[in-house]
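Report on the structure given below.
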Number of protein chains: 2
Amino acid sequence: MFAIRNVLSCFVLILYATAATAATVQPLPSWNDAPSKQAIVSFVERVTTEGSADYVPTAERIAVFDNDGTLWSEQPMYFQLFFALDRVKALAPHHPEWKDKEPFASLLKGDVKAALAGGDEAILEIVMATHAGMTTAAFEKTVKDWIATAKHPNTGKLYTEMVYQPMLELLAYLRANGFKTFIVSGGGIEFMRPWTEAVYGIPPEQVVGSSIKNRFEMRGGAPVLVRLAEINFINDKGGKPVGIHSHIGRRPIAAFGNSDGDLQMLQWTAAGDGLRFALLVHHTDAEREWAYDRKSHIGRLDKALDEAEEKGWSVVDMKRDWNVIYPPEK
Amino acid sequence: MFAIRNVLSCFVLILYATAATAATVQPLPSWNDAPSKQAIVSFVERVTTEGSADYVPTAERIAVFDNDGTLWSEQPMYFQLFFALDRVKALAPHHPEWKDKEPFASLLKGDVKAALAGGDEAILEIVMATHAGMTTAAFEKTVKDWIATAKHPNTGKLYTEMVYQPMLELLAYLRANGFKTFIVSGGGIEFMRPWTEAVYGIPPEQVVGSSIKNRFEMRGGAPVLVRLAEINFINDKGGKPVGIHSHIGRRPIAAFGNSDGDLQMLQWTAAGDGLRFALLVHHTDAEREWAYDRKSHIGRLDKALDEAEEKGWSVVDMKRDWNVIYPPEK
């Protein structure tokens, strides 16, 4: 019986392999035939061709992706901040003191700009008030409920509908070629994990991000992890190679980012032995998405753009290189 | 061509499947037919049988293993401490001041007992002097060189020859049944990763352990990670569920340990929804390995043994349950 089932599944495999051969004639359909696409395909072919000088064994085919601005949009502010603001509104009835306390007072009046005028300190206060103090299980449920229903103020889309179709194809293409794909984001690790598997095909154990501390506790005989209002790790800039080393323990051979926060991750990846690949997404499409780079407060791309030029890293010109931005509406 | 190659590999697959069917009649050959083996096999069959009430999808088949005392021996002291002591000797020429400074002075005279009389503080000092101050690449090389040649003082074996054959079989058995196997150890994450893939088949990204902090730096234009003399995380006791949550991001369905340091990991695993499995290795074989439990300074098994009895967790009686301890000599 076992053998018969295998014969059957082998025929399926053969059909699939034939289809796959046909499909590899045209991978990455949402990418125009620009240098960025050519560089990706050439890299993947070289590291996967057995006997080639550039061949890399499957176990070492690690690819890392920034999230905000690389896999999904990040304007007019990081989507996790929209989540935090929505949480402030939801929690306000339990915090009457917020009425007279910044940055909450401005937020509750709907004046986001005034609330964020306090800079990083204000943001940290909002994040801690909305991300800490509950169990990890409770937080996960809150994120899942929000991501399933909340909509972006400009596009009216679900946030998970604002992922980049070309990058979804790239993730699938790399995995079909034996790569393990990881997210390495400045965003919260526990904000991403509840939905990355469904949206990107990236399981929780392949998500690296910023974090607050957790504490193990017994509550009524049951173990829980409690989220503390204390920064554990900031997975940005020089923190990205540190996060990669901590979670993955080996150097990626390909890295994808879009901002100066990704520069060190690209440097770390590119500096390894053998063939390496580094790519930046340059947001150049004000019509279909947003156009911003050297002077943007969100996702500033300045030093990394210069270094890409200097080192010959790939740069996606979103307007030129992508024939689609978001997945087709269902 | 592609299709022909697939037909050929399908015949190989069918042969292999037939062999595998025969093999599943007798999994875990180094395990005697004791309750521990029966419980493992029953658990695996229940969670992998499609349509069964206990079925668990492949992606959620996460199994976590302590290392010291669970996958390899840990007496008369943790093997990483032997590494540290050897490093003290190797580094002593560069540290003339150690001659008059404890715990180094005693160590260099060969009096380990006197050196460790300083307790945790002395151990911390030895660890930092030998594990910090170099790049991650340099440390990795040092570990690889040591583990390839250093021998255990009592057995004369390489340390990697003191892994438990029954546990190697268990790891392979779980993986053959779709499990992802992780190490979750109090030992140093960067001390384990250089050899766990070759020895246990567990890749670096599936190793969770204690760590010191790393810092990203550019040295002569090249990026490096530098190991700092500062504790980052202690992956022991209540730290184990925290480490699991940080690295894996979902709750395991099976956990394997041997000491009170593993208790919270087993509690966390066992408290999840659906069928769960928790097992303790009880060191009862003074002849073939070591016998110790409630009063041992290394690998104390006291509270966890009581809780295993209370909750019906599996306990391996090493002397009774394992017909082999270490892999056959090559």
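The values are calculated or read from the model by the stated rules, or taken from the named source; none is laboratory data. Just so you know, these numbers come straight off a predicted model, no measurement behind them. Backbone-built Cβ (ideal geometry, glycine too); neighbour counts: all protein chains shown. SASA here: full protein model, heavy atoms, side chains in, ligands and nucleic acids out. Shrake-Rupley method; radii C 1.70, N 1.55, O 1.52, S 1.80 Å.
Residues whose amide H falls under 5 Å from that of A:ALA278, counting only those 5 or more places apart or on a different chain, are A:ALA255, A:SER314, with hydrogens built in the peptide plane.
Could you check what % of the DSSP bridge pairs in the range A:173-330 are antiparallel, to the nearest 5? Approximately 50 percent, going by the DSSP bridge assignments. When each of the peptides A:215-223, B:232-240 is scored by how many other beta carbons lie within 10 Å of its residues on average, the order from highest to lowest is B:232-240, A:215-223. Here chain A is treated as an ellipsoid with the same Cα gyration tensor; its semi-axes, largest first and in whole Å, are 36, 25, 20.
Is the range B:131-205 best put as rounded, prolate or oblate by its Cα gyration tensor, with a ≥ b ≥ c the root eigenvalues, rounded for a/c under 1.5, and otherwise prolate when a/b is larger than b/c, oblate when not? Show your work: numbers first, answer last.
On the way: a/c = 2.57, a/b = 1.34, b/c = 1.91.
In terms of gyration-tensor shape, oblate.
Normalising the Debye intensity of the range B:116-251 to I(0), with uniform scatterers on Cα atoms only, and taking log10 at q = 0.09, 0.16, 0.19 Å⁻¹ returns -0.32, -1.01, -1.32. Between copies, A:ARG219 shows label-point distances of 4.5 nm, shortest first, with the point placed 7 angstrom from Cα along Cα to C-beta.
Reducing the range A:287-304 and the range B:41-58 to their Cα centroids gives an inter-centroid distance of 49 Å.
The GluC sites (Glu not before Pro) found in the range A:236-309 that occupy coil by DSSP, while having at most 11 further C-beta atoms within 10 Å, are A:GLU287. Counting only protein heavy atoms and a probe of 1.4 Å, the accessible surface of the protein assembly as shown is 55% carbon and sulfur. Taken along the Cα-to-beta-carbon direction at a fixed 7 Å, the label points for B:GLU97 and B:LYS311 span 4.7 nm. For an R0 of 30 angstrom, estimate the FRET efficiency from the Cβ-Cβ distance between B:GLU329 and A:ASP273 and round to the nearest 0.05. Here the calculated transfer efficiency is 0.30. Its DSSP H runs of at least 4 residues, each contributing -39,500 (n - 2.57), put the calculated 222 nm mean residue ellipticity of chain B at -13000 deg cm²/dmol, to the nearest 500.
Peptide B:261-267 has a mean shielding of 2, counted as Cβ atoms of other protein chains within 10 Å of each residue's Cβ. Of the trypsin sites (Lys or Arg not before Pro) in the range B:244-304, the ones in a loop by DSSP (not H, G, I, E or B) with at most 10 other beta carbons within 10 Å are B:LYS295.
Amide H to amide H, with H built 1.01 Å from N, A:GLU74 comes under 5 Å of A:GLY69, counting only residues 5 or more places away or on other chains.
Rounded to the nearest 20, the Cβ-based charge dipole of the range A:96-243 about its Cα centre (Lys and Arg +1, Asp and Glu -1) stands at 260 debye.
Under the simplified labelling scheme, the A:GLN26-A:ALA53 pair shows an inter-label distance of 3.5 nm, with each label point 7 Å from Cα along Cα→Cβ. Taken per residue, the accessible surface of the range B:208-325 reaches 41 Å², heavy atoms only and a 1.4 Å probe.
Averaging the Cα positions of each part gives two centres, and for the range A:104-151 and the range A:245-281 these lie 30 Å apart. Relative to the longest principal axis of the Cα atoms of chain A, the long axis of helix A:136-149 makes an angle of roughly 80 degrees. Compactness ratio for the range A:203-313: Cα radius of gyration over 2.2 N^0.38 Å (N = residue count) comes to 1.35. Computed from protein heavy atoms with a 1.4 Å probe, the total accessible area buried between B and A is close to 3400 Å².
Note: relative contact order over the range B:207-315, using C-alpha pairs below 8 Å and six or more positions apart, is 19 percent. With θ taken as phi - 60° and the Karplus curve 6.51 cos²θ - 1.76 cosθ + 1.60 applied, the whole-hertz 3J(HN,Hα) list for the range B:294-305 is 5, 10, 6, 6, 9, x, 4, 10, 9, 4, 5, 5 Hz, x standing for glycine and proline.
Between A:ILE231 and A:ILE298, the distance separating the two model label sites (each 7 Å from Cα on the Cα→Cβ line) works out to 2.1 nm.
For the range B:113-171, what does the alpha-carbon gyration tensor say about shape, rounded, prolate or oblate, given a ≥ b ≥ c as the root eigenvalues, a/c under 1.5 as rounded, and a/b over b/c as prolate? Intermediate results must be reported in sequence, preceding the final value.
Numbers: a/c = 2.08, a/b = 1.38, b/c = 1.51.
Since a/c reaches 1.5 but b/c is at least a/b, the shape of the range B:113-171 is classed as oblate.
Taking the DSSP bridge list for chain A and keeping only pairs wholly inside it, about 40 percent are antiparallel. In chain A, the longest principal axis of the Cα atoms and the axis of helix A:189-200 are about 40 degrees apart. Taking N as the residue count of the range B:46-196, its C-alpha radius of gyration divided by 2.2 N^0.38 Å amounts to 1.30. Summarising the overall dimensions of the protein assembly as shown from its C-alpha atoms, the Rg and Dmax are 26.4, 76 angstrom.
Going 7 Å from the Cα of A:LEU124 along its beta-carbon direction, which residues of the range A:204-237 have the amide nitrogen within less than 19 Å of the resulting point? Correct set: A:210-214, A:227-237.
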